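First comes the structure, then the notes that go with it.
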Amino acid sequence: MILAETSAKKVGGNETCEEHYHYYYNSIVCMNGMFNKDVVDKVDDSDFKFVCRQQLNITPNFKLKPYGNEYNSITVHPNGIVEMKSSEKSIADVSISAIVSKSNCEYIQLLNTDTFVAIKWPLLTIDSRGKYFIAKVILVMYSDGRLVIIYEDIPTEIDSNDLISEMKLYGTLRGEHQLYNSINVPGNMIKTGVVVQLRPTEKYCSKETSKQACIDASTPDVVCYWCNDSSVCTSTFDQYTQFWLENNCKIAVMGEDNKGDSSSSTSNLNPTETTSTSPETSNQQLEATTKTSMSGDTVMSSTTSPLSVQNKKSSILLFIIVPVVCLLVLLIMLAIWYLTRKN
């Protein structure tokens, strides 16, 4: 289903920007976009450079807040990727790929201030069509939660299919590392001068804890739904919303370690369970596994969990097989009794 159409709007001069809606974020993609030149100049002038031989662990001067979670440190990889991991079990991991390179760069430039952290990969090697090209990209993370990717130099000879730029939210579900959300920049939009800004939305469904607040958090682009049984606010970004609403939002109990209760056969992937999770546990899971694209319309998946479908089919099969087996056993016992009596 189409949740929100992409809107293109003039920002200034001949600059054309497109705005898109995602879970927790609104994105603005500007072709030949203007950005705070002072930030770029400071990064270029920074003497803080690292040789790209191994990953670099950085402690910012403020707490980073991707997807509304707080992180005290980041890990910068030489291939254009930044990762954030919290030691708290209830908080997911975040991976930001400015541009993915198959080989390590020569060095990284870094600027760590009280309001932003800027990371520049000035010599990322991109393998495309059997040739190697050098790309330049900057990632800026602000203390207010904004994220900016600046594609400073992207050779036009690179095939767009070889350009990967994305942000992913992970979490632990049933003891396994699961992808919750992914925001992808299409390769054909990754060009020299393009600026992508991800801005936290003022309101988002999963943080609301009452029915009225949940309803009031709805916007023209995102509709929030309140689940009475579990006291959880979810949205149309959740691919399971319709399925859960049809089942009174009943989901399985989750333990403190985010692992499903062994007494529940399908954990929280099956919304037909009779027990419910607490709001704190379900906030991330209810808005999970949405993948959005910054090109064209924002299209959301409306498919049901394969595990849920499988469990439904299994239940139906059990209702058929068990009576049949019991009948066969009864017939065999009657046959044995009859033959014994006859002899």
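The values are calculated or read from the model by the stated rules, or taken from the named source; none is laboratory data. In this text, all values refer to a predicted model and were calculated from it rather than measured experimentally. We place every Cβ from the backbone using ideal geometry, glycine too, and count neighbours over all the protein chains shown.
Of the residues making up region 123-172, those that are among the basic types (Lys, Arg) and assigned to a loop (DSSP other than H, G, I, E, B) are Arg129, Arg146. Here region 180-219 is the region considered, the condition is being of a type in the set (Lys, Arg) and at pLDDT below 85, and the residue that is farthest from Glu18 (Cα to Cα) is Lys207. In region 106-132, the residues that are assigned by TED's automatic domain parsing to the domain that holds Asp38 form Cβ pairs under 6 Å with partners that are assigned to a loop (DSSP other than H, G, I, E, B) and among the basic types (Lys, Arg), at six or more places apart or across chains, as follows: Asp127/Lys102. Here Glu152 fits the description: more than 21 Å from the chain's Cα centre (by Cα), buried (at least 18 other Cβ atoms within 10 Å of the Cβ) and modelled with pLDDT of 90 or more. Residues in region 5-34 that are surrounded by fewer than 20 Cβ atoms within 10 Å (Cβ to Cβ), in contact with an Asp or Glu (Cβ under 9 Å, 6 or more places away or on another chain) and either outside any strand (DSSP E or B) or at pLDDT below 75 (or both): Glu5, Thr6, Ser7, Ala8, Lys9, Asn32, Met34.
Selection of region 155-173 for residues being touching a helix residue (DSSP H, G or I) at 6+ places or on another chain (Cβ under 6 Å) and buried (at least 16 other Cβ atoms within 10 Å of the Cβ) yields Leu163, Leu169, Gly171.
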